[in-house]
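Each remark here refers to the structure printed beneath this line.
What follows is calculated from the coordinates using simple rules that are stated; it is not laboratory data. Quantities reported herein were computed from a predicted structural model and do not represent experimental measurements. Here Cβ is always computed from backbone atoms with ideal geometry, including for glycine, and neighbour counts include all displayed protein chains.
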Amino acid sequence: MQPDYFPPTPSASDSEQDKHTMSQVVPTGGPNGSEPTVVAARGSPPATGAPARVTLHLGHLPGKTNISVPYPRSPSRVDPNNPPWPAFRGYHRYSFAHATMGVRLPTILGKAIDDASRTLNEQSSEDLIVDLANCLERMDQLMVDLSGNAKLRPIIDDDEADVALWNKEIAKYFQGKDFMNAPWLFAEAYKYRRLHECFSVSKYWKDYDVFYRQKCDTFSRSAEAVFELSMRFAEPFKHSENLSDAERLEADRLMFLELTQVCLWGNSTDLSLLINMTEEQIKSLQSTGGDHLAATEKNILGNHLNRLWETVKSTREKTGGRIDFVLDNAGFELYCDCVYADFLIQSGLAKEIRFHGKRYPWFVSDVTRKDWEWLLNTMVYGHLFPKATEVERESLRRLGDRWKQYEREGKWVYEQHPFWCTGYTFWELHGEAPDLFLHLSRSDLVFFKGDLNHRKLTYDCHAPASTPFDVAIGPMASAAGAPRICSLRTIKSDVVVGLGEDGDLIAKKLDDEEPGWKISGKYAVVLLSEGRPGEKVRFA
Ligand code: F6P
Ligand code: MG
């Protein structure tokens, strides 16, 4: 299964052009800090009669060409203009940033405009129609800004809890930056925030979700994988009789490893990449059987599955505890997350699970509270799968009932902090959202699902693939109180770290043999931070 768009393979001429013909990178003195600045390589010749340039000769200093920024920058010297390694930006033609900013985002916005127009055509009240027509006008303006590479303007104060965070970051770091030269991560997030603003300033359409139809529709077209899981897991997990303690533990281990992979690969059905998927394509991405998973484990390029098992096992031996999921996509991925979380509760590997979603529509498929509620309620009351047998429907109802019961008992809690919908990376989490950092510090293990969360953990930088995960996530591994972090991510963009000592070679080989391997979703990582034992924050 391939995504809808492959960026051009980086060619020698591309990078040569970037380096020499158009511009040259000078390692100091950007307008807002010291990140390398791109300047014109060939200045125009001095006008006749112009005063000769005065050059200082500081003989003992190294020549300009020898100056190189040491990477990674230490966390205390990092900010959005001085990333730990060079950050991807829209104008980097060799990266997925370029294709995303130039092609994917306008396409996604075009589809969102179609969705809102469809809704408008279904309305009868003049007030609602006029209000929505104004939203559409703002979307058209956003399209003009995006396709015309406009400068990033502040977010309008629409009473959202994140306005101050957004405008502080723009004012401090990105004044005068545009969609293409701001860091890709920020520019892409900014586009989704601007899309939300089109509705949040309206009277009647503040909570309108332009992606809702797509999200529901993809789940309804995932029948085969949905029932494969519900038929297996509706019955609560229990051990066969007469097993020894060691055999029980082994059964737990095998089930844990299998369901971790179910949860991981649930991330491959991302709507922002796979626009207009056929049912066959959805199916091929969602095979969940044990045999299939054994085969896909070899595609997990950075694989800490065994360490992950040791971690949750030892937590259970101590207290059993709290596990958090920083969620990614709604529908089938969320369903897989819940199947996994259900097993964690039933097996005693966790006593409490906290799910973190988004406050408004985000990167097309991400989970909002409405998506969360829709999934649980449609499982119990919905008529989504007309072709299913009664036994299949009953299995889905039972699962849904159990999950809703977990919510009532407080074993499962859904939350949505404003920080998750900002352009900040998670290196900035403890500084910009200290309450959230403290909250996560109380967890025994925090799963970060998906590609975008991985980009935010790693500052979305061009770090070598051999970079250890703990180095790549900076303060999220090293800050006092940082929780144990596990990234479950199918690889869908340029940043790749944590592949081990041979990581650079592995990445090079894939670059040569499988162009597009970083965006196909075929490969994945399961990366666990070392954690800082004894530093978990405990409160009464
Ligand atoms: O567009 C950027 C991107 O991070 C892609 O790399 C990815 O396809 C998508 O957004 C989101 O992926 P995910 O839902 O896994 O975070
Ligand atoms: Mg997503």
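Rounded to whole Hz and in sequence order, give me ³J(HN,Hα) for the stretch 171-178 from the Karplus expression 6.51 cos²θ - 1.76 cosθ + 1.60, θ = phi - 60°, writing x for Gly and Pro.
The phi angles translate into 5, 6, 10, 10, 5, x, 7, 10 Hz.
Starting at the first residue of the stretch 133-139, write each ³J(HN,Hα) from the Karplus equation 6.51 cos²θ - 1.76 cosθ + 1.60 with θ = phi - 60°, in whole Hz, x for Gly and Pro.
Along the stretch 133-139, the couplings run 4, 5, 4, 5, 4, 5, 5 Hz.
At 0.36 nm per residue, minus the direct Cα-Cα distance, what do Ser147 and Asp511 gain on full extension? Give it in nm, one decimal, please.
Gain in length upon complete extension: 128.1 nm.
Please compute, for the alpha-carbon atoms of the stretch 379-493, the extent along each of the three principal axes and give them in descending order in Å.
Principal axes ranked by extent give 51, 31, 23 Å for the Cα atoms.
Under 23 Å between alpha carbons, and skipping anything fewer than 8 positions from Lys172 in its own chain: which lysines qualify?
Lys151, Lys191, Lys456
Under a Cβ-only charge scheme (Lys and Arg +1, Asp and Glu -1), can you give me the dipole magnitude of the stretch 79-201 about the Cα centre, in debye to the nearest 20?
Computed charge dipole of the stretch 79-201: roughly 900 debye.
When we measure straight from the Cα of Lys404, which aspartates and glutamates land under 17 angstrom away, once same-chain ones fewer than 8 places off are left out?
Glu235, Asp337, Asp342, Glu352, Asp371, Glu373, Glu394, Glu415
So what J values fall out for the stretch 117-124 if you push phi through Karplus, 6.51 cos²θ - 1.76 cosθ + 1.60 with θ = phi - 60°, rounded to Hz, Gly and Pro as x?
Working through the residues one at a time gives 5, 4, 5, 4, 5, 8, 8, 10 Hz.
So if I take the alpha carbon set of the stretch 212-529, get Rg, then get Rh from the Kirkwood formula, what is the Rg over Rh ratio?
Across the stretch 212-529, the Cα-based Rg/Rh ratio is 0.94.
Output the pairs from Lys298/Lys509; Lys387/Lys522; Lys215/Lys387; Lys298/Lys387; Lys206/Lys411; Lys168/Lys215 with a Cα-Cα distance over 24 Å in this structure; if there are none, say none.
Checking Cα-Cα distances, Lys387/Lys522; Lys298/Lys387; Lys206/Lys411; Lys168/Lys215 exceed 24 Å.
Rounded to the nearest 5, what % of DSSP beta bridges with both residues in the stretch 212-529 are antiparallel?
20 percent
Pop the C-beta distance of Arg307 and Arg248 into the FRET formula with R0 = 25 Å and round what comes out to the nearest 0.05.
For Arg307 and Arg248, the calculated efficiency is 0.75.
If the chain between Glu390 and Ser314 were fully stretched, how many nm would it gain, using 0.36 nm times the residue separation less the Cα-Cα distance?
23.3 nm
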